[in-house]
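The values are calculated or read from the model by the stated rules, or taken from the named source; none is laboratory data. Keep in mind it's a predicted model, so treat the numbers as computed, not measured. FYI the Cβ positions are ideal-geometry reconstructions off the backbone, even for glycines, and counts take in every protein chain you see. Each accessible area value is taken on the protein alone, full model and side chains, heavy atoms only, with ligands, DNA and RNA left out. Shrake-Rupley method; radii C 1.70, N 1.55, O 1.52, S 1.80 Å.
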Amino acid sequence: MVSCCCKIPIFVFVFLLLLVISSSICAAHSSETGNSQANNQTFRPEEELKKLKLVRERLNKINKPALKTIQSPDGDIIDCVLLRHQPAFDHPKLKGKKPLDPPERPNGHNRKGMAAEDFQMWMMSGESCPEGTIPIRRTTEEDMLRASSVASFGKKPTRLVRRDSSSDGHEHAVGYVSGDEYYGAKANINVWAPRVSNQYEFSLSQLWVISGSFGDDLNTIEAGWQVSPELYGDYYPRFFTYWTSDAYQATGCYNLLCSGFVQTNNRIAIGAAISPTSSYGGGQFDISLLVWKDPKHGNWWLEFGSGILVGYWPSILFTHLRDRASMVQFGGEIVNTSPGGSHTSTEMGSGHFAGEGFGKASYFRNLQVVDWDNNLIPLPNLKVLADHPNCYDIQGGINTVWGNYFYYGGPGRNVNCP
C-alpha cells in the first residue's frame, strides 16, 4: 500500500486532490526513501571503486612484465616472463634466489619415450616462450571478480579437510595409502571434460601429498587437472597445482597465483587448458605426474610425462612437509552446492561409474610412491573410498600392465542419488 502511494506524487499528479491525505503520508515516506537511495548510490560506487583498486593491486602482483605474449585459441593470454621475475620470488624467503638445477630422479623411474609437451591448447598457436622465460596464464579482472572476494581468489575454501568427510559439500572418490613415511607419488591420470553444473562448483582429478593432522596444521602438495568455471571462466579441463601449509587458511594457492611454486619449464603453462581429452567409447588420453622430494635440497619437484620438469615447491613453504609425507591420496573431488535442494549433476571423471571400465569410466593407473631411499615402489596397501557411492564410486585393482590402478567417478544426481 505504501509503496504504491509513493509513486503518486511523482507520476500521477492528477490524483492529488482525490488522495490528499495519502499523498501527504507518501511524500514524507518518499523523502526518507529518496535520501536512503541517494546514500546507497553514493556508498556503493565507493565500495566498487575500492574493490576495483584492490583487484588492480593484486593483478599487478600476479601479472609480471612479459618479454613475449601469446594468444591461445581458447581465449587465454600467455605471458612469457623471465624466470627470476615469476611470482615465487616475491616470497620473503625466496627474494634474490635463483631457480635450482634439476635434482636426482627417483630410482626406478623410466625416462624413455619423453612425452609430448604440446598437450595444452596454447601450444596450438605454434608459438612458444624463449629460453630463460616461463609461460604464465594472464589473470584478468573478470577472473578475480568471479571470486567471492579478492582475498579468496586463487584459493580453495577454508574447510576441514578429511578424505572421509563431505559435510562441507566436497565429495570424493579416492585411493590412498597412510601409516608410513612417503617422499613422493606418481600416477597416470585419465583426462576428461566433465560437466560442471554451475559457476560455484568444480570437478577435479589429482594426487595429494599430505602431512600433518587434519586440523589447522595440514600441509598438502597437489597436482592434476580440474574444471573450475569460477577460477577460469570456462569449462575446459586445466592442468593445475596447489599447496597449503595451514589447511587452506592463509597460505597457498592454485598455480602461480601467489608466491610459492617455482616454475623452471618454458613449455608448460600451469592453469592452461589441456587438449586432447578422452571420449566415451573412443580415444583415451592421460597425463603422467610425479611429485618427489629432492634428497639433496629437500624441495618437492613436479615432473610431467617422462622427464619434463615443471618446477618445485621449496621446502621452506612447509612445516611437516619439510621432512616427509604421512599420506598419499589419488582420485576425484567435486563440490556439491545442492542446487534446488537436490544433489548436483556435476560429473566426476568421465561422468560414468567405475563398473563401466576402460573407455567409459575414468581411471588412475601405475600408482606408485617414493620411499625413504628415493626409490619408486608399488603401493604397499591401497585403500579405496567413495563417500557418496550412489553418486560417485570407485573400484581398485592390480595387474602387470597398469600396476595399482582404479576406476572412479559418476554422474552425480540420478535415481539413486536424488
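Numbers for the structure displayed
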| read-out | value |
| --- | --- |
| In the stretch 339-387, the residues that are farther than 18 Å from residue 195 by Cα and in contact with a Ser or Thr (Cβ under 7 Å, 6 or more places away or on another chain) | 387 |
| Residues (charged (D, E, K, R) and either at pLDDT 95 or above or closer than 14 Å to residue 226 by Cβ (or both)) located in the stretch 150-206 | 155, 156, 171, 180, 181, 186, 195, 201 |
| Residues located in the stretch 47-70, provided they are open to solvent by less than 90 Å² (accessible area, probe 1.4 Å) and among the aliphatic types (A, V, I, L, M) | 52, 54, 55, 59, 62, 66, 70 |
| Qualifying position, being surrounded by 23 or more Cβ atoms within 10 Å (Cβ to Cβ) and more than 26 Å from residue 347 (Cβ to Cβ), among 224, 215, 271, 252 | 252 |
| Answer from 382, 367, 376 - the residue that is at pLDDT 95 or above, among the aliphatic types (A, V, I, L, M) and either under 23 Å from the mean Cα position of the chain (by Cα) or surrounded by fewer than 17 Cβ atoms within 10 Å (Cβ to Cβ) (or both) | 367 |
| All positions within the stretch 125-141 that are more than 17 Å from the chain's Cα centre (by Cα) and at pLDDT 90 or above | 126, 127, 128, 129, 130, 131, 132, 133, 134, 135, 141 |
| Of all residues making up the stretch 386-417, the number that are in contact with an Asp or Glu (Cβ under 8 Å, 6 or more places away or on another chain), surrounded by fewer than 22 Cβ atoms within 10 Å (Cβ to Cβ) and under 15 Å from residue 335 (Cβ atoms) | 2 |
| Total residues in the stretch 229-249, condition open to solvent by less than 10 Å² (accessible area, probe 1.4 Å) and not in a strand (DSSP E or B) | 4 |
